[in-house]
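**Q** Encoded as structure tokens, here's the structure I'll be asking about.
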Amino acid sequence: MEDFEDEDGPLELTPEPDLAVEENQKKGLWGKLKRGLFMTHTEMLERLDAAMEGRTVVNEETLEVLEESLLGADLGVETTLELIESIRSDVRPGQTDLLALRDRLADEVSLMLLDAPQPEPLDGSPTVHLIVGVNGVGKTTSIAKLGRWYQQNGSKVIFAAGDTFRAAAIEQISLWGERLGIDVVRQNAGGDPAAVVFDALQAARARGADHLIVDTAGRLHVKVNLMKELEKIGRVIDREAAGWRRRTLLVLDATTGQNAIAQAREFNKAVQADGVILTKIDGTAKGGMAVAVARDLRLPVLFLGVGEAAEDLVEFQPRAFASALFR
Ligand code: GDP
């Protein structure tokens, strides 16, 4: 029999990856991402295709149309100009074909995103997630999606109905809790959000929860109040949640394009967000917003909302995102 032992020791076969599982996970992420970016992708490519007028190789005009398309997809002015410049250096009008151009764009955007601030990975400690954002951006739905996400990872989740300002917000998060089988700690409308968080932390500890996801009021126009409210919640967490991590996530609505960027700048004056959940990507051709958030705001994008259901959440991965956008 042959002896497989060499100087590095006995030969060990790498275990076969479970292809079925891996493929499914990929299909899950890739399928949702492609579906979420469908409008953005289609609009950009339709413009480019129209400019090609049946040719397969690009010309000067293609680059001009590309610039308009990138701006239209809301990648932001600076990013667009940088991209065009770097593409120009190795795209040969009359020689490079459109597919190569699209590959080049995907690679370049992927590098840009990898170069932007990355999210701090959770280390397995129990975590309090403070979810902030103006009303209507998809905050409650995102809380439900996050809850589902962590549930599916085998974690125990509790919600805190910390937007005590709107009775409807308390009702809505309670409905999601019921649907997902997640306990919701709530008080009556008009109650003190910090007291809700206090109760929720007691409940989370007593029930051995891994993630406490806290809804907060979305009243940006009364910034001082919002700041005070969040500071007070912060103090409760400092006092009551030794050993818990805290993560503040800002929810932004991609359909509002550059307005969302302005909104984020305002919010960041009141609270320092650790990252962004970008919602309603499926309902807009402005999917390039994610690049603007990462590069212009220098805030890590953690998740994309790609629909209204609890499952419609995609973890943001730079390479997959850039590929789905251009390939
Ligand atoms: P909140 O006021 O910020 O809590 O916003 P909601 O969570 O109530 O969401 C406002 C609306 O946007 C609802 O109709 C949601 O179903 C919808 N919505 C939220 N996230 C998404 C998303 O990712 N895609 C789509 N298409 N709709 C969304």
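**Q** What are the pairs, 6+ residues apart or on separate chains, where a residue within the stretch 294-311 that is within 11 Å of the ligand (Cβ to nearest atom) has its Cβ under 7 Å from a residue that is in a loop (DSSP other than H, G, I, E, B)?
**A** That search, which allows pairs on different chains as well, returns 303/316; 304/316; 305/138; 305/280; 305/312; 306/312.
**Q** Can you report the number of residues in the stretch 279-316 which are assigned to a helix (DSSP H, G or I) and open to solvent by less than 10 Å² (accessible area, probe 1.4 Å)? Please lay out each step first, then the result.
**A** Of all residues in the stretch 279-316, those assigned to a helix (DSSP H, G or I) come to 281-283, 289-296.
Those left that are additionally open to solvent by less than 10 Å² (accessible area, probe 1.4 Å): 281, 289-294.
Selection size over the stretch 279-316: 7.
**Q** Let me ask something additional. Show the residue pairs that are 6+ apart or on different chains and have beta-carbon atoms under 7 Å apart, the first residue being within the stretch 134-149 and within 13 Å of residue 314 (Cα to Cα) and basic (Lys, Arg), the second being near the ligand (Cβ under 8 Å from one of its atoms) and open to solvent by 20 Å² or more (accessible area, probe 1.4 Å).
**A** Final answer for the pair search is 145/312.
**Q** Please give the helices (runs of 4 or more DSSP H) falling wholly within the stretch 64-156 in which 1 or more residues are open to solvent by 10 Å² or more (accessible area, probe 1.4 Å), under 26 Å from residue 42 (Cβ atoms) and within 16 Å of the ligand (Cβ to nearest atom).
**A** Values: elements: 77-90, 98-115, 139-152.
Of the helices (runs of 4 or more DSSP H) lying wholly inside the stretch 64-156, those with at least 1 residues that are open to solvent by 10 Å² or more (accessible area, probe 1.4 Å), under 26 Å from residue 42 (Cβ atoms) and within 16 Å of the ligand (Cβ to nearest atom) span 139-152.
**Q** Condition (residue is among the charged types (D, E, K, R), modelled with pLDDT of 95 or more and more than 16 Å from the ligand (Cβ to nearest atom)) applied to the stretch 21-43: is it met by at least one residue?
**A** Yes, there is a match, as at least one residue in the stretch 21-43 is among the charged types (D, E, K, R), modelled with pLDDT of 95 or more and more than 16 Å from the ligand (Cβ to nearest atom).
**Q** Let me ask something else about it. Considering the stretch 278-292 alone, what residues qualify as being more than 6 Å from the ligand (Cβ to nearest atom) and among the β-branched types (Val, Ile, Thr)?
**A** Filtering the stretch 278-292 for residues more than 6 Å from the ligand (Cβ to nearest atom) gives 278, 281, 284-292.
Correct list: 281, 284, 291.
**Q** Tell me yes or no: at least one residue of the stretch 214-232 is in a helix (DSSP H, G or I), at pLDDT 95 or above and away from the ligand (no atom under 16 Å from the Cβ). It would help to see each step written out before you state the result.
**A** So in the stretch 214-232, the residues in a helix (DSSP H, G or I) come out as 220-232.
With at pLDDT 95 or above added as a condition, the list becomes none.
Within the stretch 214-232, not a single residue is in a helix (DSSP H, G or I), at pLDDT 95 or above and away from the ligand (no atom under 16 Å from the Cβ).
**Q** Of the conditions (1) within 15 Å of the ligand (Cβ to nearest atom); (2) open to solvent by less than 20 Å² (accessible area, probe 1.4 Å); (3) not in a loop (DSSP other than H, G, I, E, B), residue 164 clears all except one; give me its number.
**A** It fails just one condition, (3).
**Q** Would you point out the residue of the stretch 265-277, among those that are assigned to a helix (DSSP H, G or I) and away from the ligand (no atom under 14 Å from the Cβ), that is nearest to residue 217 (Cα to Cα)? I'd like the intermediate steps shown before the answer.
**A** Within the stretch 265-277, the subset assigned to a helix (DSSP H, G or I) is 265-270.
Right, trim to away from the ligand (no atom under 14 Å from the Cβ) and you get 265-266, 268-270.
On the way: 265: 17, 266: 15, 268: 15, 269: 16, 270: 13 Å.
The qualifying residue nearest to residue 217 (Cα to Cα) is 270.
**Q** Which number in (1) closer than 17 Å to residue 126 by Cα; (2) modelled with pLDDT under 95; (3) in a loop (DSSP other than H, G, I, E, B) marks the one condition that residue 188 misses?
**A** (1)
**Q** Only one of these is open to solvent by 10 Å² or more (accessible area, probe 1.4 Å), assigned to a helix (DSSP H, G or I) and within 13 Å of the ligand (Cβ to nearest atom): 172, 202. Name it. Spell out how you get there, then give the answer.
**A** Numbers: 202 fails: within 13 Å of the ligand (Cβ to nearest atom).
That would be 172, the only listed residue that is open to solvent by 10 Å² or more (accessible area, probe 1.4 Å), assigned to a helix (DSSP H, G or I) and within 13 Å of the ligand (Cβ to nearest atom).
**Q** Next question, about the same structure. Kindly indicate whether any position in the stretch 287-301 is at pLDDT below 95 and β-branched (Val, Ile, Thr).
**A** No, the stretch 287-301 has no match at all.
**Q** Spot the failing condition for residue 246; the list is (1) outside any helix (DSSP H, G or I); (2) within 16 Å of the ligand (Cβ to nearest atom), and only one is missed.
**A** The number of the failed condition is (2).
**Q** If you don't mind, another one. State all residues of the stretch 229-264 that are open to solvent by 20 Å² or more (accessible area, probe 1.4 Å) and farther than 18 Å from residue 129 by Cα; if no residue qualifies, say none.
**A** Answer for the stretch 229-264, where residues must be open to solvent by 20 Å² or more (accessible area, probe 1.4 Å) and farther than 18 Å from residue 129 by Cα: 255, 256, 258, 259, 262, 263.
The values are calculated or read from the model by the stated rules, or taken from the named source; none is laboratory data. Here the structure is a predicted model, which means the values were calculated and not measured. Counting neighbours? That spans all protein chains shown, and the Cβs are built from the backbone with ideal geometry, glycine included. Just the protein is used for accessible areas: all its heavy atoms, side chains included, with ligands, DNA and RNA removed. Shrake-Rupley method; radii C 1.70, N 1.55, O 1.52, S 1.80 Å.
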